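Asks: Take this structure first; my questions come after.
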Amino acid sequence: METKNRSFDEFVWALEKKWIEIVCILGVILVPLFGGLDYFIIPKEYLQDNLSYFFTLRGIATGIALVQLLILKFSKPNPWNAIHAYVFTFVVGGIITLMTTRLGGFESSYYAGLNLVLIAINLFLPWNAWKGALNSFIIVLQYVLTNLAFDTNFQVISIINNLYFMLGTIIISVTIAHFKFSLTKSEFEKMNLISNLKSQQDGDYFLTSLVLKPLSLNLAKSDTVSVEFYTSQKKKFTFKTWNQEIGGDICVSNVVRLQGKRYVVFVNADAMGKSLQGAGGAIVFGAVFHALVQRTKMLEANQNQYPERWLKSAIIELQKTFESFDGAMMISMVIGLVDEESGLVYYINAEHPFPVLYRDGKASFIDSQIYFRKIGMLGIKSKFFVSLFQMSPGDVILLGSDGREDLMVWDKESNSKNMIEDENIFLQVVEKGNGNLTSIVNEIKKSGEIIDDLSLLKISFQPKGASIKIKPESKNWEAEILGLPEEERFPIIQKRLNEGFHSKIILKEAVTQSLRRDDMDSALEHAKQIVHLYPAETKYLYFLAKNHCKRKNYSDSIEFGERFRYRHPGHVKNLLILSDSYRRIGNTKRAEILLQDVFAFEPENEVAMNLLRRLKNENGKDLVKSD
């Protein structure tokens, strides 16, 4: 309570000091200016004896007011500032009182100037009734006593008349001052409450920003893949001496090792909501994601996952976490992995703006269709799958939140601001910025007013040597091998493989030749080399899954079949192979789920029905509901 009163007192002192300065300025101007009226108002019989005297009084009052003004200018607000107001009242009121003694005492109309002083001081200054009454008492007392001393022939009726009007002025001015002071105090308390709430809110914002900042880190240290961030939240605030910002956009990058290979993991995400709500979603995401990355680095079991499986697991874990908020917190994102050696990008886009490829000075969208909804949305029925994109040396991929497109521009035709509704504008911006992140941001700002959080993530692929450490293929490959008869190709292929020529063309031809020679073991071995060295060759995953199933290598069939399913979840034949493989190893529950997926695509699939009957026979009950 004492602190609250102290704050109000300091507020009043500052306000009081400012208004006393204004009153002094008015005194410096108006006191000598009213001297011009003396010449016309003073009766002629008093003019010669009093004009110079009046000017002298006005000069003295003006000088004192000027000195007060200078003192106030170089002093700080304090409770003693009110003395200057009383001095001003005493000085200016005093000279007016002295003038009345020269112009007839209580009979003089000059006493009206005292009313002006009363009104100026009592109404301008933030005074309560007591201070206003004291100020009024000073004027009335010096007026009455001075004129009683000099005017010996006064009439009582004149005193009553003058005091009546002066007291009326005092009552009105003091009453107004009282209510004005009460309103000032009430307004101050409300503003102080708002200020305290704002300070508390900014404190919450500040603490939240401190939590969010260490979660948005660029920890991708790679010789071939570089990652850059730009984040600018819409909500900016000042807390004490710190200028901060808060919002729902977040970028994260790191490095993980999967199946013995290094991958740069990246995320550009945009949590639902503005300022604190968005930041809350970003914090939840950042905490879960960093825990997932650290778990991968620490646990060997997590490192044995393939990239597709790792991404799928990450999405499932994030989805379950955000679902716990019952739809009140959602987040869009692009999450992915970049193979450091090959530049192959594995990614999942959950209702985020399309990734942009910048290649040879041209910008284009990698995707053109939204496949998945935001993470955290309830009742999601779509199956997550992993998209692939092969980067070439010098390629740049740019990810960004919807702030890159939510721009407000001035429309001359409608004479108003309109929001840009063209997603292609970002392609133009990327080209104008030549793929440089700083230049792109500047171009966005030139294009319009940014009205949302903005985050950009840039991925550059620039291998120092060959993207895959194999010997280069022969320039005369087509002439030397493909031009040869079928029966002569295999020995040369075998020779080149033994020499270490593991190019894509040689390995593919090795698979083809092995199949023609009914050497399935060799064909499978060469196919494994292909998916290891060239992970983008998705069809060989299905080839491996199908043929391992035929050879009753069900564990291998499941491994390659699942990897293929992560990329193509709607491939019915692969789903059938996986279901059968799981059934063979005794995992009937998983076999059931996969058959459900098959029936979702092809309700009358005969192979699926046959597998269904086998599941019934083995378990004695219906495992799959085909309706």
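The values are calculated or read from the model by the stated rules, or taken from the named source; none is laboratory data. The shown structure was predicted, so the numbers you read here are calculated from the model rather than taken from an experiment. Cβ: placed from backbone, ideal geometry, glycine included. Neighbour counts: every protein chain shown. With ligands, DNA and RNA removed, areas are computed over all heavy atoms of the protein, side chains included. Shrake-Rupley method; radii C 1.70, N 1.55, O 1.52, S 1.80 Å.
Asks: Once you have a ≥ b ≥ c as the square roots of the Cα gyration tensor eigenvalues for the range 484-619, tell me rounded if a/c is under 1.5, and otherwise prolate or oblate according to whether a/b is larger than b/c.
Replies: Here the range 484-619 falls in the prolate category.
Asks: Å³ per residue of the Cα convex hull, for the range 554-614?
Replies: So the per-residue hull volume is 64 Å³.
Asks: What chymotrypsin sites (Phe, Trp or Tyr not before Pro) does the range 82-185 have in DSSP loop regions with at most 15 other beta carbons within 10 Å?
Replies: Listed in order of number, the matching sites are Phe154.
Asks: Here's something else I'd like to know. Amide H of Lys234 versus every other amide H placed in the peptide plane: which residues, excluding those fewer than 5 positions away on the same chain, fall under 5 Å?
Replies: Correct list: Asp453, Leu454.
Asks: Round to the nearest 10 and report in Å² the accessible area of Ile29, as given by a 1.4 Å probe over the protein chains' heavy atoms.
Replies: Per-residue accessible area (Ile29): approximately 90 Å².
Asks: Over the chain, what percent of the accessible surface lies on carbon and sulfur atoms, probe 1.4 Å?
Replies: Here it works out to 57 percent.
Asks: So, one more: So, how do all the Cα-to-Cα distances of the range 1-191 break down into 10 Å bins, in percent, from 0 on up?
Replies: Result, from short to long distances: 9, 34, 33, 17, 6, 1, 0 percent.
Asks: So with the 1.4 Å probe, I'd like the accessible area per residue for the chain, rounded to whole Å².
Replies: Per-residue value: 51 Å².
Asks: What number in nm² do you get for the range 369-463 if you take the convex hull of its Cα atoms and divide its surface by four?
Replies: Averaging across all directions leaves 8.6 nm² for the Cα convex hull.
Asks: Output ³J(HN,Hα) for the range 99-110: one whole-Hz value per residue in order, computed from phi by the Karplus curve 6.51 cos²θ - 1.76 cosθ + 1.60 with θ = phi - 60°, and x for Gly and Pro.
Replies: Result, rounded to whole Hz: 5, 5, 5, 7, 10, x, x, 5, 7, 6, 7, 5.
Asks: Return a whole-number percent for the relative contact order of the range 1-191, with Cα pairs under 8 Å and 6 or more residues apart as the contact set.
Replies: Value for the range 1-191: 24 percent.
Asks: On to the next question. Relative contact order for the range 190-339 using alpha-carbon pairs under 8 Å, separation at least 6, rounded to a whole percent?
Replies: Averaging sequence separation for qualifying contacts and normalising by length gives 23 percent for the range 190-339.
Asks: Considering amide H positions built from the backbone, and no H for Pro or chain starts, which residues 5 or more places from Lys383, or on another chain, come under 5 Å of its amide H?
Replies: So Lys383 has HN proximity to no qualifying residue.
Asks: Hey, can you grab everything whose amide H is under 5 Å from the amide H of His502? Only 5+ residues off in sequence or another chain; H modelled, so Pro and N-termini drop out.
Replies: Lys471
Asks: Now a separate question. For the range 36-119, just the Cα atoms, rotate onto the principal axes and tell me the three extents in Å, largest first.
Replies: Computed over the Cα atoms, the extents are 48, 22, 16 Å.
Asks: Let me cross-check Lys458: its accessible surface, 1.4 Å probe, with only protein heavy atoms counted, in Å² to the nearest 10?
Replies: Solvent-accessible area, nearest 10 Å²: 20 Å².
Asks: Please report, for the Cα atoms of the range 215-257, the Rg to one decimal and the Dmax as a whole number; what are they, in angstrom?
Replies: Rg, Dmax (Cα atoms, Å): 14.1, 43.
Asks: Can you work out ³J(HN,Hα) from phi for every residue in the range 137-148, in order, using Karplus 6.51 cos²θ - 1.76 cosθ + 1.60 and θ = phi - 60°, giving whole Hz and x for Gly and Pro?
Replies: Result, rounded to whole Hz: 4, 4, 5, 4, 4, 5, 5, 5, 5, 5, 6, 5.
Asks: Using unit Cβ charges (K, R positive; D, E negative) and no other charged atoms, how large, in debye to the nearest 20, is the dipole of the range 217-461 about its Cα centre?
Replies: For the range 217-461, the charge dipole is close to 640 debye.
Asks: Now for a different question. Relative to the compact-globule scaling 2.2 N^0.38 Å, provide the ratio for the alpha-carbon radius of gyration of the range 217-461.
Replies: 1.01
Asks: In whole Hz and in residue order, list the ³J(HN,Hα) couplings for the range 191-196 that follow from phi through the Karplus curve 6.51 cos²θ - 1.76 cosθ + 1.60, θ = phi - 60°; x for Gly and Pro.
Replies: Calculated HN-Hα couplings, in order: 5, 5, 5, 4, 4, 5 Hz.
Asks: Would you mind listing how long the range 204-296 runs along its three principal axes, going by Cα atoms, in whole Å with the largest first?
Replies: Each principal axis gives a Cα extent; for the range 204-296 these are 48, 23, 20 Å.
Asks: List, largest first, the extents of the alpha carbons of the range 124-195 along their principal axes, each in whole Å.
Replies: Result for the range 124-195: principal-axis Cα extents of 61, 17, 15 Å.
Asks: Quick check on the chain: what does the Kirkwood estimate of hydrodynamic radius come out to from the alpha carbon pairs, in Å?
Replies: Every distinct Cα pair counted, the radius reaches 32.5 Å.
Asks: Using only Cα positions of the range 72-185, each an equal point scatterer, no hydration layer, compute I(q)/I(0) via Debye at q = 0.13, 0.16, 0.17, 0.18 Å⁻¹ and quote the log10 values to two decimals.
Replies: Ignoring solvent entirely, the Cα scatterers give -0.51, -0.72, -0.79, -0.87.
Asks: When ranked by the protection proxy of mean other Cβ atoms within 10 Å per residue, highest first, what sequence do the peptides 317-325, 517-525 form?
Replies: Top to bottom by mean Cβ count within 10 Å: 317-325, 517-525.
Asks: For a paramagnetic label modelled at 7 Å from the Cα of Leu33 toward its Cβ, which residues of the range 122-165 fall within the zone defined by backbone nitrogen distances under 19 Å?
Replies: Residues 122-125 fall inside that zone.
Asks: Still on this structure, I have one more. So what does Leu219 come to for accessible area, using a 1.4 Å probe and Å² rounded to 10?
Replies: Approximately 70 Å² for this residue.
Asks: Give me the net charge for the shell around Glu443: Cβ to Cβ below 11 angstrom, other residues only, Lys and Arg +1, Asp and Glu -1.
Replies: That sum, taken over residues with Cβ under 11 Å, equals +3.
Asks: Compare Leu141, Leu344 by solvent-accessible area with a 1.4 Å probe and give them largest first, with all protein chains kept in place.
Replies: The most accessible residue leads, giving Leu141, Leu344.
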